[in-house]
Amino acid sequence: MQIKEFSQIENKDYWIGKIAQADWSAGKYLGQILSDGSFYDLCGSKAKVFLLTEENELLSFCSYAEIDDVPDTSLKPWIGFVYTFPAFRGKRLIAKLIDRACSCAKEEGYKAVYVSTDQKGLYENFGFEFLQEMQDRRGDISLVYKRIV
């Protein structure tokens, strides 16, 4: 297994196609904004997408960004678009990507990272603690979790 950073890989269209195969609308959306070039406009100029791969197979992915779907910009950075393909679930693969994002945050001088989700009980398994409920850009309530780096 290898972690690749999207901006540094060759054959970006191939990997965008793999991301877009996710059975989750946000994964398809990530593929779209990477394809049309709006990812950095929406998520910040320093944003990254991490891909967990095995040869040419995409197992899991996530983003690391200054901006997320919660418009409170005083909280940053965010881990978002967290996804593992069904065939690879239950193996805690996303932990590798979360740890990589946490390392980036620490290198950049941040003390914590944040996740906005509707999933209760998932991120606690990866060292996150519930912080608060916040309204996202669509007006829905999102659960915001924090992990010290």
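Consider Phe39 carefully, then state whether it is aromatic (Phe, Trp, Tyr) and within 18 Å of Lys12 (Cβ to Cβ).
Details: aromatic (Phe, Trp, Tyr): yes; within 18 Å of Lys12 (Cβ to Cβ): yes.
So Phe39 fits the description; yes.
Filter the stretch 75-126 for residues that are assigned to a loop (DSSP other than H, G, I, E, B) and within 21 Å of Leu59 (Cα to Cα) and give the result.
Passing the criteria: Phe85, Arg89, Gly90, Lys91, Arg92, Leu93, Gln119, Leu122.
Quick check on the stretch 127-149: of everything there that is at pLDDT below 95 and of a type in the set (Lys, Arg), which residue is nearest to Ser63 (Cα to Cα)?
Top of the filtered list is Arg137.
Taking Pro71 as meeting all but one of (1) open to solvent by 30 Å² or more (accessible area, probe 1.4 Å); (2) within 18 Å of Thr53 (Cβ to Cβ), write down the number of the exception.
(2)
Mind listing just one residue for me: the one in the stretch 1-27 that is aromatic (Phe, Trp, Tyr) and exposed (fewer than 15 other Cβ atoms within 10 Å of the Cβ) and, of those, modelled with the highest pLDDT?
Ranking the qualifying residues of the stretch 1-27, first place goes to Tyr14.
For the stretch 76-88, give me each residue that is within 16 Å of the chain's Cα centre (by Cα) and either open to solvent by 30 Å² or more (accessible area, probe 1.4 Å) or within 14 Å of Tyr123 (Cα to Cα) (or both). Outline the logic, then answer.
Residues of the stretch 76-88 that are within 16 Å of the chain's Cα centre (by Cα), as a first pass: 76-85.
Those that are within 16 Å of the chain's Cα centre (by Cα) and either open to solvent by 30 Å² or more (accessible area, probe 1.4 Å) or within 14 Å of Tyr123 (Cα to Cα) (or both): Lys76, Trp78, Ile79, Gly80, Phe81, Val82, Tyr83, Thr84.
Would you confirm whether or not the stretch 52-64 contains a residue that is open to solvent by less than 50 Å² (accessible area, probe 1.4 Å), assigned to a loop (DSSP other than H, G, I, E, B) and either over 22 Å from Lys12 (Cα atoms) or at pLDDT 95 or above (or both)?
Checked against the condition, which is being open to solvent by less than 50 Å² (accessible area, probe 1.4 Å), assigned to a loop (DSSP other than H, G, I, E, B) and either over 22 Å from Lys12 (Cα atoms) or at pLDDT 95 or above (or both), the stretch 52-64 yields no hits at all.
Taking the conditions exactly as written (in contact with a Leu (Cβ under 9 Å, 6 or more places away or on another chain) and either of a type in the set (S, T, N, Q) or farther than 21 Å from Ser7 by Cβ (or both)), does Asp118 satisfy them or not?
Criteria met by Asp118.
Given the conditions (1) open to solvent by 80 Å² or more (accessible area, probe 1.4 Å); (2) modelled with pLDDT under 95, report the number of the one that Gln32 does not fulfil.
(2)
The values are calculated or read from the model by the stated rules, or taken from the named source; none is laboratory data. All figures in this text were calculated on a predicted structure; none of them were measured in a lab. Positions of Cβ are generated from backbone atoms using ideal geometry, with glycine treated the same way; all protein chains shown enter the neighbour counts. Just so you know, the surface numbers come from the protein's heavy atoms only, side chains and all, with ligands and any DNA or RNA stripped out. Shrake-Rupley method; radii C 1.70, N 1.55, O 1.52, S 1.80 Å.
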